[in-house]
Amino acid sequence: MDSSDEVAEPVTPTRTIGVRVRADFEDLALLRAVTETVALFADFAMDQVVDIRLAVEEVAGALVQDSVRDTELDCAFEYDRAGMRVRITGVTTSEKGPDEGGMGWHIVSALTDALTTSVGPFESALGGHRATIEFCCTAAVTDDR
């Protein structure tokens, strides 16, 4: 078979869904619901949907716990056939970021394939530090994917 006979697998575009919620524990239920919907829409297996939802809940909870009053969390879900990248950004009072030795961090580390945190310098206009936590989950390979 020469190169002209090769059939290329169709390229699946990357999709990005964004949502913004108040940095308040009350709004985490909404974020959980959006997370589950996006993961199901992205055709993840149910066990992965639950893992992604739990990881988002832990990350968002850590940011809310340290958030500057009356701020928001920005959450972006970027996915394709290979997996999903979730990025959650908030404004925190601390320059340290989440406790990487805590149980929540260990849970997120166990549920995801990659996990990073970045915390920017204090921004007086925001009254805190812009903190971003990002993680990736590889999609399970199934016959349907």
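Convert 37 °C to kelvin, take the viscosity as 0.692 mPa s, use the Kirkwood radius over C-alpha pairs of the chain as Rh, and evaluate the Stokes-Einstein diffusion coefficient in µm²/s, rounded to a whole number. List each step's numbers first, then the result.
Numbers: Rh = 16.2 Å.
Translational D for this selection: 203 µm²/s.
For helix 46-65, what angle does its Cα long axis make with the longest principal axis of the chain, in degrees from 0 to 90 and rounded to 10? For helix 46-65, the angle is close to 20 degrees.
With 0.36 nm allotted per residue and the present C-alpha distance subtracted, the Q65-I107 stretch has 13.4 nm of extension available.
How much net charge surrounds T132 when only the other residues with a Cβ under 11 Å from the Cβ of T132 are counted, with Lys and Arg +1 and Asp and Glu -1?
Details: positive: R87, R130; negative: D74, E134.
Within the 11 Å Cβ shell, the charges total 0.
In debye, nearest 20, what is the charge dipole magnitude of the chain about its Cα centre with +1 on Lys and Arg Cβ and -1 on Asp and Glu Cβ, if you could check? Please list the in-between numbers first.
Values: 12 positive and 27 negative charges, 109 e Å.
Using only the charged Cβ atoms, the result is roughly 520 debye.
The numbers here are math on the coordinates, done by the rules we state, and not lab data. Since the model is a prediction, treat every value here as computed from it, not as a measurement. Using ideal geometry, Cβ is built from the backbone for each residue, glycine included, and neighbour counts are taken over all protein chains shown.
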